[in-house]
Amino acid sequence: MSKKSQAYFCLQYVHGLAARGVHYLHQPGPLLQDVGFFLLSELGQDKAYISETLFTVIFISFILWSFHPFILKGKKIYTVLVWCRVLAFLVASQILRIITFYSTQLPGPNYHCREGSKLARLPHPDGVLEVLLINFPRGIVYGCGDLIFSSHMIFTLVFVRTYQKYGMRRWIKQFIWFLAVVQSFLIVASRKHYTVDVVVAWYTVNLVVFFIDKKLPEMPDRTGATSLLLPLNIKDKDSRTKEDNHKLLNGNSGDPADRRLRTQLNGKTLEDGNTGHLDAAMNGSV
């Protein structure tokens, strides 16, 4: 396990610890006035699983896609580098989330967080160990007070934005954005969050991904990765450089493979629908 992944899992524990801590501060009360509650009918406790099911489908689908280069031959992405970016997005978003839900505690709209529920308030812990154990997973599933902004939408939007940049299928990109919108409505209809929790997640996560992605170096092209996986030694590198310079002076462009357009431009993988047009344009110009 790399240091980055270790740091991420440590932060996940800190995030869970923070969510557990804010539950001790939670004060149940009447539901706040919310436009989403007014517009969307309440699904009810018996249908609350629908939003969780959709989130699970999105989560598992992204993991399977990100690891597909280990199974399929047509490798277009570097799984490790993709997950390094994803973890960076998640870490920044969850740090902002911790700061936000500790700044203001709202009365939870979920059924177990309402007045009269035994789970709405936690008794004072008997010791530090009880807090540190965070009562996983029950303490996570039945948490209250960690509202602004939605953690489910953090993961959903990070996964959608990542596939938007590195995925190959245009129809899948359009479909997963549609699923993200549906997920937003289901979260509010399930009364797991207020509408503000979802709205803040939409612009915060997108801004986090935008700014962090600009700071991170772009990923190399997976399709031409053979030379990158086998680095040259100093002598071979010098001879290769001299040979390339000689070809340039003679008006040659070097290796014919260098004339091919890369299927990745500025870190973005071109969609399947665009590669055919590029190849046709390239063949027509020869």
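The values are calculated or read from the model by the stated rules, or taken from the named source; none is laboratory data. For clarity, every value in this text was computed on a predicted model and none was experimentally measured. Backbone-built Cβ (ideal geometry, glycine too); neighbour counts: all protein chains shown. Accessible surface is based on the protein model in full, side chains and every heavy atom, while ligands, DNA and RNA are left aside. Shrake-Rupley method; radii C 1.70, N 1.55, O 1.52, S 1.80 Å.
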Note, ³J(HN,Hα) from phi for segment 12-22, Karplus 6.51, -1.76, 1.60, rounded to Hz, x at Gly and Pro: 4, 5, 4, 4, x, 5, 5, 5, 5, x, 6
Area accessible to solvent at Ile63, 1.4 Å probe radius, in Å²: 50
Sequence of Lys173, Lys3, Lys192 from largest to smallest accessible area, 1.4 Å probe: Lys3, Lys192, Lys173
Within the accessible area of segment 158-217 (1.4 Å probe), percent carbon and sulfur: 75
Net charge, Gln27 excluded, C-beta distance under 12 Å - Lys, Arg +1, Asp, Glu -1: +1
Protection proxy ranking of 198-208, 112-122 - average other beta-carbon atoms within 10 Å, highest first: 198-208, 112-122
With DNA, RNA and ligands ignored, accessible area of Asp197 (1.4 Å probe; Å², nearest 10): 0
Label-point separation, Phe67 to Lys215 (7 Å along Cα→Cβ), nm: 2.9
Neighbour net charge for Arg121 - beta-carbon separation under 12 angstrom, K R +1, D E -1: +1
For segment 60-99, accessible area per residue (1.4 Å probe, heavy atoms of protein chains only), Å²: 51
Gained length - Leu207 relative to His112, 0.36 nm times residue gap less alpha-carbon distance: 31.0 nm
